[in-house]
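Reviewing the structure listed below.
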Amino acid sequence: MGISDNQQQTGKKSMALRAAWIIPNVLCYFLLIYMGVFVGKNAEHLEEINRLAIWLFMLVVMFMVSAFGTFRIVYWIKKGKL
């Protein structure tokens, strides 16, 4: 019984750790989508005030952060760390 209790405890801990990494990653994707919609709707006005390039740069960086986070989480799950 001691071994199965320990494995069960480790499994719960692992699931909580996975959720702690996956939930912020999903929120990053939602933020990326929201920013994309904002830039798409306001591109003309952002270009008038010379801010379109900054917003597009932020979109690219946000995509890179989200994608890197996803690849890191998948890698950790495959390696058994998560």
Lysine pairs meeting the criterion (Cα under 26 Å, 8 or more apart or interchain), as found in the chain: 6
Charge-dipole axis of the chain as Lys and Arg at +1 and Asp and Glu at -1 on Cβ define it, positive-most pick from F38, L52, G69: G69
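Every number in this text was worked out from the coordinates using simple rules, so none of it is lab data. Predicted, not measured: the structure shown is a model, and the values here were computed from it. Using ideal geometry, Cβ is built from the backbone for each residue, glycine included, and neighbour counts are taken over all protein chains shown.
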